[in-house]
Amino acid sequence: MAVVGAGGECVVELARTTGVSLMNVGLGLPISDPPLLLDWARSADAGPFSTLALLDRLVYDNPEPLVMLAALAGVTSRIRVQTEVLLAPLREPALMAKQAATLDRLSGGRLTLGIGLGGRRDDYLAAGVDSHGRGARLNEIMMDMRRIWSGEPYGEESGPIGPAPVREGGPEILFGALKPAAIERIARFGDGLLSASPLTEMDRLFRATEQAWRSAGRSGRPKLVAQLNAALGPEPTIEEARGHLHRYYSGPHYMDMPPDYTEMVVQRMLTTPDEVRDAVQQVTDVGADEIIFYCWSVDMGQIDRFAETLA
């Protein structure tokens with residue numbers, strides 16, 4: 001497996017037998033043992049991976065992502081760090097903008113903010129935020145953060161909020177999106193789409209994102225990123241991953257998901273090298289720029305297994 005590219009980007013060159021030429025491959029980190037993630041980060045940074053991603057929940061036993069990613073940025077030098085996705089409506093925008101800019105500077109511009117609304121009512125209740133109108137709140141937050149990152153005064157009685165991020169206008173922003181309003185938000189405020197939808201839905205969402213981008217008069221093209229749950233290894237590793245995945249997605253607090261959503265997520269988890277290779281082929285065929293394999297088991301042997309599978 002060859003690593004090519006520059007500027008902190010890592011492109012995995014897949015074997016010709018997969019039918020794939022070039023693909024960025026990242027790893028979503030397990031959340032059950034935060035100190036171990038420092039070792040995960042060091043190992044992935046030395047390998048052929050493009051991104052380390054970390055999910056966000058409030059009412060769950062997971063590390064806070066901006067704090068954890070700051071620690072991971074400190075033990076890595078090349079790989080990007082990414083929230084996947086940060087529940088921005090739960091946070092105060094001025095402080096969040098400052099935290100993100102600080103992490104972006106600390107990492108040397110390696111931060112990608114994956115942002116979304118979240119689908120759990122209990123997270124909103126714990127944060128004291130009304131879940132109704134959360135899309136409109138996110139739009140307001142994005143306007144505030146873009147203004148802060150541009151160096152403008154925060155308000156009539158407030159000066160600019162620093163530090164300035166590495167990239168003018170703020171770090172790279174990806175939105176998790178399923179509905180038309182969320183797709184439009186990408187074209188208005190973001191750099192691309194982060195899709196955790198089933199493979200059968202990704203083509204539709206990717207094309208809708210590209211259409212919204214063109215309609216908004218944006219130049220270039222949106223970044224398209226696929227996220228899939230996966231576990232590679234012996235049966236204990238796979239069963240551990242299934243257990244964590246089931247616990248994370250269980251509960252009665254979903255606002256928009258069907259009753260069997262948890263079981264569907266667990267059943268779709270990739271567990272064999274062939275499934276992983278097929279997934280890379282499929283997301284490449286629909287135009288993905290990167291694929292993030294979200295690992296739910298703490299078994300660090302998976303880092304080498306993913307690299308070997310894709311080689």
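The values are calculated or read from the model by the stated rules, or taken from the named source; none is laboratory data. The model shown is predicted, which means the values in this text are computed figures rather than measured ones. A quick note on method: Cβ atoms are made from the backbone with ideal geometry, for glycine too, and the neighbour counts reach across all protein chains shown.
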Exercise. Before we move on, is ILE183 surrounded by 18 or more Cβ atoms within 10 Å (Cβ to Cβ) and part of a loop (DSSP other than H, G, I, E, B)?
Worked result: no
Problem set entry | Matching residues in the stretch 52-75 - criterion: being β-branched (Val, Ile, Thr) and under 23 Å from ASP122 (Cβ atoms) | VAL59, VAL67
Exercise. Any idea which residue in the stretch 13-41 is modelled with the highest pLDDT, counting only those that are surrounded by 15 or more Cβ atoms within 10 Å (Cβ to Cβ) and more than 19 Å from the chain's Cα centre (by Cα)?
Worked result: GLU13
For this session: Could you tell me whether ASP56 is under 25 Å from ILE238 (Cα atoms), charged (D, E, K, R), at pLDDT 95 or above and buried (at least 20 other Cβ atoms within 10 Å of the Cβ)?
Result: yes
Exercise. From GLU168, GLU140, GLU152, which residue is charged (D, E, K, R), in a helix (DSSP H, G or I) and either within 23 Å of the chain's Cα centre (by Cα) or closer than 15 Å to ALA94 by Cβ (or both)?
Worked result: GLU140
Exercise. Within 16 Å of the chain's Cα centre (by Cα) and loosely packed, with under 12 Cβ neighbours inside 10 Å, is that true of PRO258?
Worked result: no
Seminar exercise, completed: Sole miss for GLN227 among (1) assigned to a helix (DSSP H, G or I); (2) under 22 Å from GLY119 (Cα atoms); (3) within 19 Å of the chain's Cα centre (by Cα); (4) not hydroxyl-bearing (Ser, Thr, Tyr) is condition (1)
For this session: Please indicate, with yes or no, whether at least one residue in the stretch 276-287 is farther than 18 Å from PRO30 by Cα, touching a strand residue (DSSP E or B) at 6+ places or on another chain (Cβ under 7 Å) and not in a helix (DSSP H, G or I).
Result: yes
Exercise. Going by the structure shown, is ILE173 under 24 Å from MET255 (Cβ atoms), of a type in the set (Val, Ile, Thr) and not in a loop (DSSP other than H, G, I, E, B)?
Worked result: yes
For this session: Within the stretch 89-104, identify whether any single residue is of a type in the set (D, E, K, R), under 19 Å from the mean Cα position of the chain (by Cα), in a helix (DSSP H, G or I) and closer than 30 Å to PRO48 by Cα, and answer yes or no.
Result: yes
For this session: Please enumerate the residues belonging to the stretch 233-253 that are buried (at least 17 other Cβ atoms within 10 Å of the Cβ), over 20 Å from the mean Cα position of the chain (by Cα) and among the hydroxyl-bearing types (Ser, Thr, Tyr).
Result: THR237
Exercise. Residue check: is ILE115 surrounded by 13 or more Cβ atoms within 10 Å (Cβ to Cβ), touching a residue at least 12 places away in the same chain (Cβ under 8 Å) and over 23 Å from the mean Cα position of the chain (by Cα)?
Worked result: no
Exercise. Looking only at the stretch 69-106, which residues are surrounded by fewer than 17 Cβ atoms within 10 Å (Cβ to Cβ) and either of a type in the set (Asp, Glu) or within 16 Å of ARG57 (Cβ to Cβ) (or both)?
Worked result: GLU92
